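Here is the structure we will look at.
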Amino acid sequence: MSAATYPEVSAAWDLYRRTQEVPWPAVGGGEVLKAQSRLHHLTVAYASGQGYGEPDLGAIRAASADLAAKVRRYCGDAAAAFVIGHGEERAA
């Protein structure tokens, strides 16, 4: 992975990790889980330093946006702000 793509992959991985700190929604948990899984699969090898070649940044961007949207829809605005990095504290 090039130095130019690292920040974007790292930000996507951070978004994924923050979703694990958000309280699980009573409704829509399956949708959040699917979106988490998609982003995880696209980034885990690169985030761990084991990926070869260049990651699919288009797919990572789409998966990140989808996950953030699912968190907003099912977990609320505060959780979404936390997940995208605009919340200072863990989502309540």
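Out of GLY49, GLY29, GLY85, I need the residue that is among the small types (Gly, Ala, Ser) and modelled with pLDDT of 90 or more. Which one?
Values: GLY49 fails: modelled with pLDDT of 90 or more; GLY85 fails: modelled with pLDDT of 90 or more.
After applying the criteria, what remains is GLY29.
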Query raised in the report: Out of curiosity, is ALA4 small (Gly, Ala, Ser) and not in a helix (DSSP H, G or I)?
Result: yes
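Quick check, is ALA79 small (Gly, Ala, Ser), over 18 Å from GLU8 (Cβ atoms) and at pLDDT 90 or above?
Values: small (Gly, Ala, Ser): yes; over 18 Å from GLU8 (Cβ atoms): yes; at pLDDT 90 or above: yes.
Answer is yes for this residue.
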Requested in this report: Would you please name the residue that is surrounded by the fewest Cβ atoms within 10 Å (Cβ to Cβ), looking only at residues in region 39-56 that are in contact (Cβ under 8 Å) with a residue 24 or more places away in the chain and farther than 23 Å from VAL71 by Cα?
Outcome: GLY53
Query raised in the report: Mind checking which residues of region 67-89 are more than 14 Å from TYR16 (Cβ to Cβ) and outside any helix (DSSP H, G or I)?
Result: GLY76, HIS86, GLY87, GLU88, GLU89
Requested in this report: Exactly one condition in (1) modelled with pLDDT under 95; (2) under 21 Å from GLY85 (Cβ atoms); (3) more than 8 Å from the chain's Cα centre (by Cα) is not met by ALA62; state its number.
Outcome: (1)
Query raised in the report: From the set of residues in region 8-28 that are over 8 Å from the mean Cα position of the chain (by Cα) and of a type in the set (Asp, Glu), which is farthest from ARG73 (Cα to Cα)?
Result: GLU8
Query raised in the report: Looking at region 59-66, is at least one residue over 14 Å from SER10 (Cα atoms), free of Cβ contacts under 8 Å to residues at least 60 places away in the same chain, in a helix (DSSP H, G or I) and not small (Gly, Ala, Ser)?
Result: yes
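The values are calculated or read from the model by the stated rules, or taken from the named source; none is laboratory data. In this text the structure is predicted, and so the values were computed from the model without any measurement. Cβ atoms come from the backbone with ideal geometry, glycine included; neighbour counts cover every protein chain shown.
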